[in-house]
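Derivation of every value follows stated rules applied to the coordinates shown; laboratory data play no part. Only a predicted model underlies this, so the values are computations on that prediction, with no experimental measurement involved. Cβ placement follows ideal geometry from the backbone for every residue including glycine, while neighbour counts extend to all protein chains displayed.
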Amino acid sequence: MKTSNIKCLLVDDEIEGLDILEYLLLQYEDIEVVSKVNKAEKVLSEIVLRTPDIVFLDINMPNKSGLDLLKDINDANINVKVIFVTAFDQYVFDALKNSAFDYLVKPVDREELTMTLDRYRDNREEEEPLNQMITSLENISKVKIPINYGSLFFSPDELVLFKADGAYTSILLADGSTEFTSLNLGKLQEKLYGRSFFRISRSHLINLKYLYKLDRREKSCIVRVGDDEFSFQVSRNYIGLLDDYFESN
């Protein structure tokens, strides 16, 4: 079975640096450059929209460093490999310590780039059979959520939203009932990765299938279940992300 192209997103505050790296990458038949970003504040939204396999990320950028952006990516539990591209090799230890897949030193050497891409391909080939099995299971199985007296099993459509509630997380179900789990929102977000769930704040994770309205003026979103509506405060950035997500789908 033929492996799909490797989708790459390039981040550098210097346009020339983006163009040079794009030129190098397009020499490989299986590489697709899905976006080039030169502003740090646009990186997360582009990752959400373009779903790249690899982000080539410059470290030394104004406003927000590549290391800060990697932390944002990790905090958001986004499943993407980050390869740092930097002119300053003193950052290498910090890059690897923060779960970067690899790093390249500017000016990027073609042989080093090939070795890094080969390592990514090998890593993907090892992960692919497991990922396919997991995807297959996700298509036919319910979501298992632990509770005090055992476990509950739901289809994703039954789950409307999750709310952090002290040491527990409350679960609002499509039938209007509520359950509680000891799993925090971060763990639930990982469990539901790849489905239609979005972390709108520190306290709330919602099923986008029930999203009814975004209000930029009030900085809020409304989730509707039957005749009931629930309103939540959302930052301007997250409203923009949600708007962009639905615009692209």
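Odds and ends about this structure:
- Region 143-248: mean projected area of Cα convex hull, nm²: 6.8 nm²
- Checking the cross-link pairs K7/K187; K163/K191; K144/K191; K144/K187 against a 18 Å limit on the alpha carbon distance flags K7/K187 as lying beyond it.
- Ordering of 144-157, 230-243 by burial proxy (mean other Cβ atoms within 10 Å per residue, highest first): 230-243, 144-157
- In the frame of its principal axes, region 1-70 has Cα extents of 43, 24, 16 Å, reported largest first.
- Packing-based order for 23-30, 59-66, using average beta carbon neighbours within 10 Å, highest first: 59-66, 23-30
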